[in-house]
Amino acid sequence: MKCSNCSRDAIITVKWKEKSYCEEHFKNYFLGQVRKIIDKYGVKGEVAVAISGGKDSSAMLEALTHFREIELRPFYIDLGIEDYSMKLKDIAKKLTESYGLPLDIIDLQKEYGKGVSELSEKSKGAPCSVCGTVKRYLMNRYAHEISADYLATGHNLSDMVTFALNNLINVQLSSFRGIKPVLPGDQKFNLVSRFRPLYFLRDRETLVYVLSNNIPFSQDECPLSSGAPTLKLKSWVMRLEDYNPRALLNLLNSFSKIEEKMEIKDGELRKCEVCGYATSTRVCKFCRLLRRKTH
Ligand SMILES: [Zn+2]
Ligand SMILES: [Zn+2]
């Protein structure tokens, strides 16, 4: 199969575009999808980039190095999940070194006394939800502490659709909000603006991107997440485009429209009494998980 733009062999077919691309033209397409968001929302300045060692955040970091209006501050959260976290940390280091960028490391165990395995045992919560709470909290906190203009995360189109569908399936309409490429923050609540550079790119596209550009990444699955229901939902979501190549894009578009029609209640956010970061309850989920107390 040939590239739709030149005479070279194609490495991927992008169905919704009805095009096949060689390495170079796929890279143009990929960066173009990131550029769309940067231009539309005027993203610029200092961006804290959450690196996990997985394919998406590795692809995101490489992609963002192509945009001069952005200053990159990559960081890695060591969740203390035994060998898995160690291996991913090494990949994150290798990745950032290859672009001459320093890597900040937040060590959950060292800084807060407990790793994710221990926290999920203690709280009897599912490891993935404990992990999600910890990551969301520490990512925002890091970005706020370094006064970054944005916090960039590696969620791709397939992740966003899975997330939204999962919320609909569980009738969790409040967390259904915020399905946008860029979400404005709120300084009053120490909430940093969110930026999802891979919002328009599929799971398979980020995989082909890291492979074709020799970007360091790991395909290891988290040992605590095996059999997580969202993984099954995601593999189902990834097949939707066989039915309609625009299925994922159109779903997100519909979700956005539903979200715009949702009534937004004022005063839902408040400051955690322990740590001062945004929460909807008196003490935030992270502080409750760590059983931190008001002094
Ligand atoms: Zn080409
Ligand atoms: Zn708190």
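The table below lists the values:
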read-out	value
Qualifying residue in segment 26-49 (condition: away from ligand 2 (no atom under 16 Å from the Cβ) and in contact with a Cys (Cβ under 7 Å, 6 or more places away or on another chain))	no
Unique match (being in contact with a helix residue (DSSP H, G or I) (Cβ under 8 Å, 6 or more places away or on another chain) and under 21 Å from S280 (Cβ atoms)) among L168, L151, L198	L151
Residue within segment 200-207 that is at pLDDT below 85, surrounded by fewer than 18 Cβ atoms within 10 Å (Cβ to Cβ) and among the basic types (K, R) present	no
Single residue of N156, N140 found to be in contact with a Phe, Trp or Tyr (Cβ under 8 Å, 6 or more places away or on another chain) and under 16 Å from P197 (Cα atoms)	N156
Within segment 71-115, considering residues that are modelled with pLDDT of 90 or more and of a type in the set (K, R), the one farthest from L211 (Cα to Cα)	K110
Qualifying positions in segment 7-18 - over 27 Å from the mean Cα position of the chain (by Cα) and surrounded by 15 or more Cβ atoms within 10 Å (Cβ to Cβ)	A10
Selected residue (criterion: farthest from ligand 1 (Cβ to nearest atom)) from residues of segment 26-59 that are farther than 17 Å from N213 by Cβ and among the hydroxyl-bearing types (S, T, Y)	S52
Members of segment 8-25 found to be more than 8 Å from ligand 1 (Cβ to nearest atom), free of Cβ contacts under 8 Å to residues at least 60 places away in the same chain and touching a Cys at 6+ places or on another chain (Cβ under 9 Å), listed by number	D9, K19, S20
From S147, S117, S129, residue being of a type outside the set (A, V, I, L, M, F, W, C) and free of Cβ contacts under 8 Å to residues at least 24 places away in the same chain	S129
Qualifying residue in segment 134-145 (condition: surrounded by fewer than 20 Cβ atoms within 10 Å (Cβ to Cβ) and of a type in the set (V, I, T))	no
Neighbours by Cβ (under 7 Å, 6+ apart or cross-chain): first from segment 271-285, among the polar types (S, T, N, Q); second in a loop (DSSP other than H, G, I, E, B) and away from ligand 1 (no atom under 16 Å from the Cβ)	T279/C272; S280/E268; S280/L269
Condition check for V43: more than 18 Å from the chain's Cα centre (by Cα) and of a type in the set (V, I, T)	no
Which numbered condition G125 misses (of (1) of a type in the set (G, A, S); (2) assigned to a helix (DSSP H, G or I); (3) modelled with pLDDT under 95)	(2)
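Results for (1) surrounded by fewer than 15 Cβ atoms within 10 Å (Cβ to Cβ); (2) farther than 16 Å from L191 by Cα; (3) modelled with pLDDT of 90 or more; (4) within 16 Å of ligand 1 (Cβ to nearest atom), shown as yes or no for each residue.
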residue	(1), (2), (3), (4)
S226	yes, yes, no, no
L240	no, yes, yes, no
Y243	yes, yes, yes, no
L252	no, yes, yes, no
K261	yes, yes, no, no
E268	yes, no, no, no
A278	no, no, yes, no
R282	yes, yes, yes, no
F286	no, no, yes, no
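The values are calculated or read from the model by the stated rules, or taken from the named source; none is laboratory data. Computed from a predicted structure; not experimentally measured. Note that we place each Cβ from the backbone using ideal geometry, even for glycine, and neighbour counts take in every protein chain shown.
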